[in-house]
Structure formats: C-alpha cells, structure tokens
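All remarks here apply to the structure that follows.
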Amino acid sequence: MGSATRVRRSRCVLGGGVAACTAGGALLGWGARRAVDWLVAHGGVPLPLGGLWRRLAALGEPLGTLSFPVLGLLAGGYVAYHLWAGQLTATVTDDTLTIRRLSAAHSVPRAATTAVYVERADVVVLGAAGEEALRVKGDLPAGGLGAALTAHRWPWCPDGDPHEKSYRRFVPDDPALTPTVNALLKARADARARGLRDTADELRRTVATADLVVHDRKRDQYWRRTTPPG
C-alpha cells in the first residue's frame, strides 16, 4: 500500500466538543449570576472570592448581568482551546509513522518497531528491544489508528502491551533494582500522588535510560526490563 493514511479525531466530534465547552461556559456564567444573587441576598452564606462576586453583581445593568456569561464564555473558550490544541494527527506509510500535534512531530521507522498499541489515551510504540521508542498523549481513535497500521502492515496490538505478563509491581527498595532506579521510582510515585504529570513523565524517561519500561496501573507502578538479563 503506497499512499499515506491519515488518522485523527473526527472534525464533527472535535467541533462539537469545542462548541459545547464554549456554550457551556457561557451558560455556567449565566447560572452563576443567579446563584450569586441568591447568596448575596442571604448574606450568612460564605462565597468563594466573595468580594469579587459581589462587585460584579453590583455593576449597573446591563454590565452586571453580562459580566458573568462573558467570564464563563472566556473560561469555556480556554478549555476549548486546549481541547483543539491537544488533538493529534497520525500519518501512516509502509515505512514511517508520524504523530503530529500542532507544529511538533514525532516519527518512528517501521523497521525498528515491534509493537504499537494504545494505553488509555497514550499511543505507545515499542522498539526492537521492547523499549518505549515513543509515547504520545492525545485523542487518536484507537479503531482508526489500528486499521491504518494494519493496512500498512505495522505490528498493531489491539489488546495492548504484548509484554504485559513480564511486568512486576514496584515496591520500595526492590533488590532487583539499583539504588538509583529505586530512588527514581520513589520520586515518580510521589509525583503521581501529587498530580505532577509532567514530572512523572520525565522520570519515566529517565528510568528508561536504565533499560527499563514503567507501566502504571491505578496507583501502582510496574516495571520490566527491555531485554532478558544476561
């Protein structure tokens, strides 16, 4: 199959999500105005950022009424922008898989790839030694991506990581791991518990330099080696 196949989220679905975020923000702002009016009338009820809400509510008309939907519209627009900016486009050929987000693109060659699968919202590509050659967060439809990869004879794994049975749960001070890796995985567990996703991703990449792959299952971390020891 010589021509490239492009995969991305349907424009209708994406457009609907953007419109829903924007309209929902405006409606939420309108509802907030009604709620603030009621709370202000019942002064014994505490308001988060109470001074700000009261000042907005006290504006003369029509500013007092319009300010809340406008703020909601801006908040919804902010969410909608991130929804749009986070969309991925995958271009599949017989030789290369390229995943692009806005101006950033990541490409992997077919010859060095042993598996491609989707883990939750992540597209994961495994290299020749079973290492993670690429992991990209996004919204690519797994069915469309799988169909494109299969058509171009890529090793698509619809059931997930083919090395799933090789993982073992991380426990602090695991004697099978070096002190450095133990420390890194402890730090990563702390980052995940605190919701520091970027830090956790960076630590995952650092652990990968020790020829290890880290897999998350709920609150626990699991790991495996990229090649059998010895």
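The criterion of at least 3 residues that are within 16 Å of residue 118 (Cβ to Cβ) is met, among helices (runs of 4 or more DSSP H) falling completely within the range 142-214, by 142-151. A single entry from 126, 134 fulfils the requirement of being touching an Asp or Glu at 6+ places or on another chain (Cβ under 8 Å), in a strand (DSSP E or B) and buried (at least 16 other Cβ atoms within 10 Å of the Cβ): 126. Does at least one position in the range 137-154 carry a residue that is buried (at least 17 other Cβ atoms within 10 Å of the Cβ), modelled with pLDDT of 95 or more and within 23 Å of residue 223 (Cβ to Cβ)? No, the conditions are met nowhere in the range 137-154. Note on the range 207-229: among residues that are surrounded by fewer than 17 Cβ atoms within 10 Å (Cβ to Cβ) and among the polar types (S, T, N, Q), the one that is nearest to residue 135 (Cα to Cα) is 209.
The number of residues in the range 82-114 that are buried (at least 18 other Cβ atoms within 10 Å of the Cβ), modelled with pLDDT of 95 or more and not β-branched (Val, Ile, Thr) comes to 1. For the range 96-105, the set of residues classified as in contact (Cβ under 8 Å) with a residue 24 or more places away in the chain and touching a Lys or Arg at 6+ places or on another chain (Cβ under 8 Å) consists of 97 only. Look at (1) surrounded by fewer than 17 Cβ atoms within 10 Å (Cβ to Cβ); (2) in contact with an Asp or Glu (Cβ under 7 Å, 6 or more places away or on another chain) and you find that residue 117 fails only one, number (1). On the stretch given as the range 189-206, residues that are crowded, with 18+ Cβ neighbours inside 10 Å and modelled with pLDDT under 95 total 0. If only residues of the range 165-180 that are within 27 Å of the chain's Cα centre (by Cα) and touching a residue at least 40 places away in the same chain (Cβ under 8 Å) are counted, the one that is surrounded by the most Cβ atoms within 10 Å (Cβ to Cβ) is 170.
The values are calculated or read from the model by the stated rules, or taken from the named source; none is laboratory data. What you see is a predicted model, and the numbers here were worked out from it, not measured in a lab. Using ideal geometry, Cβ is built from the backbone for each residue, glycine included, and neighbour counts are taken over all protein chains shown.
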